[in-house]
Amino acid sequence: MKTYMAHAETVERKWYVVDATGVPLGRLASKVASVLRGKNKPTFTPNVDTGDFVIVVNSDKVLLTGKKLEKKYYRYHTGYIGGLKEVSYGTMMKEKSDLAVYEAVRGMLPKNSLGRQMIKKLRVYKGPEHNHAAQKPEELKLD
């Protein structure tokens, strides 16, 4: 038996839509990252982007358990001296819930050029509508 190694030219990609209503943020992010990476396929190859496109809708209805809304912070640096900024997840979920989901998924992907290529296949929307109906996305169930 020979081990099958996928090639970037032969990968067939599908589109999935995920409803984030009532799902904890970490569980949603880990499932979406797995699909973006291609780990749900039998043709998974670690050094090739074999993943599918994922559309996340209703990001404003995602859950954070415990006291994470008050005690957890999203931190980033502006690039200037003393430019460390932090925003609580309570504020972030009110104003930019799509960014909270995006950053949670991005943190679960590889930290290299392959991970930067994978995150481009993620689309996050605050409401229930998206503009990717032409791609005929299938619904992805989160267990």
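Structural remarks
- Axis angle, to the nearest 10 degrees, between helix 25-37 and the longest C-alpha principal axis of the chain: 30 degrees.
- Cross-link table 94/136; 39/71; 39/121; 61/141, entries beyond 21 Å C-alpha to C-alpha: 94/136; 39/71
- Share, in percent, of DSSP beta bridges within segment 1-102 that are antiparallel, nearest 5: 45
- Annotation: peptides 128-134, 96-102, ranked by per-residue average of other Cβ atoms within 10 Å with the highest first, follow the order 96-102, 128-134.
- Label zone of residue 40 (point 7 Å out along Cα→Cβ, amide N under 11 Å): in segment 123-142 this covers 138-142.
- For residue 11 and residue 72, a Förster radius of 35 Å and the Cβ-Cβ distance give a FRET efficiency of 0.45, rounded to the nearest 0.05.
- Contact order, relative form, for the chain: 32 percent (alpha carbon pairs under 8 Å, 6 or more residues apart, mean separation divided by residue count).
- Highest-fluctuation residue, 11, 23, 35 considered, GNM on the chain with Cα pairs under 10 Å: 11
- Taking a ≥ b ≥ c as the square roots of the eigenvalues of the Cα gyration tensor, segment 48-102 is classed as oblate, since a/c reaches at least 1.5 and a/b does not exceed b/c.
- Spin-label pair residue 84/residue 112, simplified geometry with 7 Å Cα→Cβ offset, distance in nm: 2.9
- Separation of segment 56-82 from segment 88-143 is 14 Å, based on Cα centroids.
Since every read-out is calculated from the coordinates, none of them should be taken as a lab result. Nothing here was measured: the structure is a model prediction, and the numbers come from that model. Quick reminder, even Gly has a Cβ in these numbers, built from the backbone with ideal geometry, and neighbours come from all protein chains shown.
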